[in-house]
Every structure is written in C-alpha cells, then in structure tokens.
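Report on one structure; see the data block that follows.
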Ligand code: RIB
C-alpha cells in the first residue's frame, strides 16, 4: 500500500464560543471567549490524515468567498490535493457554530451551505482518484446520495471504505453493504442499530447487527475509554489514553484520519486503532478543530 487516501466530505469554518457552560434554550450567559478555526468533519479528517502521514485527495465543495479561500489555503499548507474541491457560485461556504464548556464538551450546529451541493456528479469527476486510492474515507455532512455513490465506486474496484457515520442518521442497507469499516460513537451506534451501547455486551450486540449488514469491521468509539473493536474473531476494547481535555471538537475526526493512514500503511488493525486513539487524545488537549490536530511526529512521540 502506498498510503493514498481519498476523503469525501464537508469543509466548514467554526465560530467557537468557549464559555463556563453551555446555556439552556432561552437563557443568556456572559463570560465567553470567541475564536474562529478551520473545521468541518470531512476537512478535519483530511487534515488529520495528511498530518498523520497520508497522501490525501479531498473531494469537497466550498463557496466562492473568503472563508472558502481561507480553507483552501490551509489544505495546501497541509499538502492536500485540492483538484476536486469545487467552488459553488450559489451557496456560501459551510459554517459551524460551536459552544464549548469548561470541561471541553461541545454543542455544534452547522449551516451546510456549499457542502449540501456536493452531488454525485462531483464524485464521478473524481472517479479516477477514488479507483486508484487505497482507502476512501467519508462522513455524513454531505448529501447521502453522494456518499452512496462514492462507496459504490470504491467497492466496485475493491478499494476499502471507511464510513464515520456522523452526524448519524439511519442508513440504507445498499450503502452499508459497500462499507468495509464503520466507526460510530455510542450515540451513532444506537441510531444505526436501535441498541443502546452501555457496556461490552451491548456493544457486541450493536456490532453483530452491523456485521449482519455486511460490514466487516466495526469500531465503536467510546471517548476517553478508547474503542470497542469487532472484526473476525477479535472482539475487544482497545483502551484510550488519559489526557486533560480542553476541547473535544474534532477528536473523532482526528481518530478517523489517523486510523485511515495507519491502516493504509498496513498496520494490524489493533495497532492502527491504538495509533488513532493516541491522535484523538492529543487533539483534545488543544482548542479548535484543525488547530488541535496532531502531526505524525507528535503521535509517534506520545506512543513512545
Ligand atoms: O467534528 C467536528 C466538526 O463538526 C467541527 O469542526 C464542525 O465544523 C462540525 O462539522
């Protein structure tokens, strides 16, 4: 394998308010600090994979505006191939409003803008890149039919597909049969299977349900606790790393990007998950989505 990863997904600019706590509906609180940072689940995963050492092509749609141009600058800096990032003349670049509390937990609302216009035609334009990649990595902040199309192309030529089903929605079987690896968190696993994941037994039940849909590898991410991995005869928790959380935004994205790289490099699955757990843990020690994503050398040093 030579580490070629195609990421299909969203690009946002995050408008972040860090405040003592997240206000209830109808409530106003004072004392917050405002920042902006590059974000979007797709872009975060592309950046995480690039910084972890992958050769990344990102398929996305941005608006013809300053926020979009700023995002492109960042992708170029991270050495990401931007040939398939199209400018949309009808919609603005995606924006996410994020509230982060003192414990580092967040609430996010996204105005998709141009991300909602990433249609299957754009995937067809990038068909060659997908067919010649080692791994296709996707999430659910772009239209479902686009994800379906990309997975179909990848599966038809035996390219491994990773789906991070976030934000979660129930997914059709015809998509799931083309997914090699799925990486829901506990809430997403429940939305996909109807099984509430509270312990190892329920995690096993949820993974059994997803295996039945034809998915070979299931990784339920459990935050600081690590992950529950189910593949062939491996069914186990791969522990996470204990760090002081400042901001958990993009921890899952960092996990997915780093995991894709480790897998493309041929690491055994348990080691790939450990590498990804380390990357995810490092990301929560810093603020913001893309500003918090670690580089390969930092992940390696953390794992020493
Ligand atoms: O996963 C974190 C991301 O979700 C943020 O960067 C925000 O843009 C939303 O897409």
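Can you grab the distance from the C-alpha centre of region 199-235 to the C-alpha centre of region 131-154, Å, no decimals?
Centre-to-centre distance over Cα atoms comes out at 22 Å.
Using only the Cα atoms of region 182-287, build the gyration tensor, take square roots of its eigenvalues as a ≥ b ≥ c, and label the shape rounded, prolate or oblate: rounded if a/c is under 1.5, else prolate if a/b is larger than b/c, else oblate.
Details: a/c = 1.95, a/b = 1.34, b/c = 1.45.
Oblate is the answer for region 182-287, as a/c is 1.5 or above yet b/c matches or exceeds a/b.
What nm distance separates the two modelled labels at residue 237 and residue 21, each placed 7 Å from Cα along Cα→Cβ?
The answer from the label model is 2.9 nm.
Taking neighbour counts of Cβ atoms within 10 Å as a proxy for exposure, in what order, fewest first, do 293, 181, 29 appear?
29, 181, 293
Counting helices only, and only those DSSP H runs with n ≥ 4, report the 222 nm mean residue ellipticity of the chain as the sum of -39,500 (n - 2.57) divided by its residues, in deg cm²/dmol to the nearest 500.
Rounded to the nearest 500, the figure is -10500 deg cm²/dmol.
Over 28 Å apart: what share of the alpha carbon pairs of the chain falls there, rounded to a whole percent?
Numbers: 15242 of 46056 pairs.
Percentage above 28 Å: 33.
Kindly identify region 218-267 as rounded, prolate or oblate by the Cα gyration tensor criterion: order the square roots of the eigenvalues as a ≥ b ≥ c, call it rounded if a/c is under 1.5, otherwise compare a/b with b/c, prolate if a/b is larger, else oblate.
Here region 218-267 falls in the oblate category.
Antiparallel DSSP bridges in the chain: what percent, to the nearest 5?
45 percent
What is the gain in length, in nm to one decimal, between residue 199 and residue 295 on full extension, counting 0.36 nm per residue of separation less the C-alpha to C-alpha distance?
Gain on stretching residue 199 to residue 295: 31.3 nm.
Between residue 127 and residue 97, what length comes free when the chain is fully extended (0.36 nm per residue of separation minus the Cα-Cα distance, one decimal in nm)?
So the extension gain works out to 7.5 nm.
Taking neighbour Cβ counts within 10 Å as the exposure measure, how do 241, 75, 34 sort from fewest upward?
34, 241, 75
What is the list of residues in region 102-133 whose amide nitrogen lies under 17 Å from a point 7 angstrom out from the Cα of residue 224, following Cα to Cβ?
Only 102-106 fall inside the zone, counting backbone N under 17 Å.
Alpha carbon centre of region 169-196 versus region 246-288: separation in Å?
Cα centres, region 169-196 to region 246-288: 20 Å.
What distance in nm separates the two pseudo spin-label positions at residue 191 and residue 303, each 7 Å out from Cα along the beta-carbon direction?
3.0 nm
Among DSSP bridges having both ends in region 109-266, what percentage is antiparallel? Round to the nearest 5. It would help to have the intermediate numbers written out before the result.
Numbers: 11 of 20 bridges.
Once the DSSP bridges in region 109-266 are tallied, antiparallel ones form about 55 percent.
Most exposed first by the Cβ proxy, i.e. fewest other Cβ within 10 Å, how do 228, 295, 84 rank?
Starting with the residue having the fewest Cβ neighbours, the order is 295, 84, 228.
Read-outs throughout are calculated quantities, based only on the coordinates presented, and are distinct from any laboratory measurement. The structure displayed is predicted, hence computed values, not measured ones. Glycine also receives a Cβ, built like all others from the backbone with ideal geometry; neighbour counts cover every protein chain displayed.
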